[in-house]
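Heads up: the structure comes next, in structure tokens.
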Amino acid sequence: MEWRVTIELSGADGTKRTHEVARGGGADPLSTSDPLGLTLDDGKMLLAGVQRHLVRGRVAEYSALRRRCSHCQSLRPLKDARTRRLNSLFGTVEVPAPRFNVARQSGW
């Protein structure tokens, strides 16, 4: 039997993104040496994959919302784009961490 685990992320704007987290199986069904279900390492990798996609999705959504100026609603220019490492229970996740300049407005 083959299996696949996917995660679907729904954004605040209604967009949906589906990511494949893990895939496995395909071994001989009559084999007695293959474990039934997931091994501990498989479970850890599966949870780390779910965590990675959740964290990246949340950071991307947060960054997109923060890019809009709260006063004039225009897009703020990008000042710097780096990656940051976030430590979680299921491992370290690297995420883009953009920094934005102040929005340019006439009269300021």
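The values are calculated or read from the model by the stated rules, or taken from the named source; none is laboratory data. Everything quoted here is computed from the prediction, not taken from an experiment. Counting neighbours? That spans all protein chains shown, and the Cβs are built from the backbone with ideal geometry, glycine included.
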| said: Just to be sure before I move on: is Ala27 modelled with pLDDT under 75 and either touching an Asp or Glu at 6+ places or on another chain (Cβ under 6 Å) or in a strand (DSSP E or B) (or both) in the structure I sent? | reply: yes
Of the residues in the stretch 86-102 that are loosely packed, with under 12 Cβ neighbours inside 10 Å and among the aliphatic types (A, V, I, L, M), the one that is farthest from the chain's Cα centre (by Cα) is Val102
If you go through Leu54, Leu38, the only one that is at pLDDT 90 or above and either under 22 Å from Glu8 (Cβ atoms) or within 15 Å of the chain's Cα centre (by Cα) (or both) is Leu54
Only one of Leu9, Leu38 is surrounded by 10 or more Cβ atoms within 10 Å (Cβ to Cβ) and either part of a loop (DSSP other than H, G, I, E, B) or hydroxyl-bearing (Ser, Thr, Tyr) (or both), namely Leu38
